[in-house]
Structures are given as C-alpha cells and as structure tokens.
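The values are calculated or read from the model by the stated rules, or taken from the named source; none is laboratory data. Given the structure is predicted, the values throughout are model-derived calculations rather than measurements. Reconstructed Cβ throughout: ideal geometry from the backbone, glycine too, with neighbour counts over all protein chains shown. Note: accessible area is taken over every heavy atom of the protein model, side chains too, but ligands, DNA and RNA are not part of it. Shrake-Rupley method; radii C 1.70, N 1.55, O 1.52, S 1.80 Å.
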Amino acid sequence: MERTRQLVTSKTFLIHFVLILGSVAMVTPFLWMILTSLKTYAESIHVPPIIFPKDLQWGNYIEIFGLLPFFKFMFNTVIVTVVRTAGQLFLCSLAAYAFARIEFPGRNILFLLALSVLMVPGQVFLLPQYMIMVKLGWLNTLQAVIVPGMFSAFGTFLLRQFFMGLPKELEEAARLDGCNHFQIYWKVMLPLAKPGLIALGIFTTLWSWNELMWPMIVNSSPGSMTLSVGLSSLQGQYLTNYPILMAGSFLAILPMLVLFIILQKQFIEGIAVTGGK
C-alpha cells in the first residue's frame, strides 16, 4: 500500500514538473516581450542580454501611436476578425450539416475533395487567390482579406463530426412537425452544436487576428492594413527598434488576452470538447 502511494506521489510530481516546465517555456517569450518594450534601444541589443531595464521606458508605448495609425489598424483587424469568424461559423456549419445529415449523390466524394484542401500547403493558393482579387478589383480593400477566409475545410470537418454525433430522433421529430432542412439546421441542430461552434470560433478568431502573409500580399494601403502588417513595417532592412516593435506587439495581443480572461471557461470547454471528439 505504501509503495503504491509512493508511486502515485512520484507520478504526480513528475506530471506537475513537466507542466511547470511547459508553462515556463510558454510564458518566457511573453515576459521577454514586455521587458523589451520597456527598455532603451541600447539595452535591447546589448550583449550579453540585459534582462531587466534600468529605467522603465513607458514612452515606447506612446511613440508607437506617432509612428503608426494604430487605432485604424486595430479597427481594420477587428472588422476582419469579426466578419471572418461569423462567416466561418455560418458557412462551415451549413456545409457540415449537409455533409452529415442530407443524403445526396456524390456526398462522400465532395467531402473528401473538401478535406483534400487540408493536405495542400496554403501557400499554393496564394497566387490563384491573388489573381481573383485583381480581377475583382479588390486589392487594397478589406474584403480582399475577409472573403477568402470566410470558409475552411477544417471548420467543415470539425462541425460535421458534431452533427454526426447528434441523435437522429431529433431530426425525425422536427421533420414530423413540418420543418424543412434549413429549419432543422437552424432551430434544432445548430443550438446543440454550440461546443463545436465555440471551438471553431476560437480557432478562427486567433488565426484571423494574427494572420500576416495574406493581408500583406493584398494590402499595401495604410487605410486597409491590419495590425500584423502594420507592425511588420516597423522592421527595417538594416535597423529595427525592438522596444517600439515589442510595445506595439504587446498592444496588439492585449485584446486577445482580455478576451481569453473574460471567456476563459468557454475557451477551455470548447478546446476540451474538440479534443474529446
């Protein structure tokens, strides 16, 4: 009995030790970013590295607003993120319901074709998408950033798994009450897929907020830039003011940090349910 207790204690200690190491590895870059944002330029490039700044340079956070139209970039990023997330939740859930619940010729083949998109690197689609944006005259506009990101094969696959796990009796009862497919999807199935929608919403929000490559390709106008593209412009070819860049980066991730603190319970539940599925 004593030996079993010791084994359990040792296992628990080992698990907590590994978790603590993982936590330190994840938090350290975030803390380094905050400390660097409060340094002088000389301190940020000093060798060996200076961990703690001698005097806190709060002016770096003020200077970033003079270098960039920060609030404009923030507004653009919020618009892109909200519309993309709403679009994916609606379009992916519609496609997922059709693949999971509606029998039609070629359903499995079409679903496999949709999944095949996940096996192709995203960079392959950059040139065709760019040419489409040129033909539509959408370069340097927010819709060029928003529209290509309003649907994802991953989101369709994720929600399809949720819809397939729901009891068929609910659908049959709704059909007996006179509901058509869209009414069954909207009034019965969609509310029950809330954990999946939360998980997809989390993934889409984080991806849209942080995306750099596509917004940089289609937007060169400051009026339609997102935060990630605006901050990348602070990196010079020969010189980069790292304290200013880190100050801007911290302000950029602050909304996501606040959102996580507010929706922490839903965030964890959504990720946990996704892993369970």
Check your understanding: Roughly speaking, what is the stretch gain from PHE90 to LEU239, that is 0.36 nm per residue apart minus the C-alpha to C-alpha distance, in nm to one decimal?
Key -> 49.2 nm
Practice item. Rounded to the nearest 500, what is the 222 nm mean residue ellipticity of the chain from helices alone, with -39500 (n - 2.57) per DSSP H run of 4+ residues and division by all residues? Key: -22000 deg cm²/dmol
Review point. How large is the accessible surface per residue of the chain, computed with a 1.4 Å probe and reported in Å² as a whole number?
Key: 61
Check your understanding: Cα-based count: Lys pairs in the chain below 30 Å, eight or more positions apart or different chains?
Key -> 14
Exercise for review: Give the span of the chain's Cα atoms along each principal axis, as three whole-Å numbers ordered largest to smallest.
Suggested key: 74, 73, 32
Review point. How many angstrom separate the Cα center of segment 102-123 from the Cα center of segment 40-83?
Key: 42
Study note, to complete from the structure: For PHE75 and LEU139, extending 7 Å from Cα along the Cα-Cβ vector and measuring point to point gives, in nm, a value of 2.5
Review point. Could you list, bin by bin from short to long, the percent of Cα-Cα pairs of segment 69-233 in 5 Å steps?
Key: 1, 9, 16, 17, 17, 13, 10, 8, 5, 3, 1, 0
Review point. Which of the listed residues, LEU158, GLN129, ILE202, is farthest toward the dipole's positive end in segment 69-233, when Lys, Arg count +1 and Asp, Glu count -1 at the beta-carbon?
Key: GLN129
Exercise for review: Order the peptides 168-180, 12-24 from the highest to the lowest mean number of other Cβ atoms within 10 Å of their residues.
Suggested key: 168-180, 12-24
Point to revise | Additional length obtainable on full extension of the chain from MET164 to TYR130, 0.36 nm per residue less Cα span | key: 8.7 nm
Exercise for review: Heavy atoms only, probe 1.4 Å: what % of the accessible area of segment 69-233 goes to carbon and sulfur, would you let me know?
Suggested key: 72
Practice item. Report Rg(Cα)/(2.2 N^0.38 Å) for segment 1-107, keeping two decimals. Key: 1.95
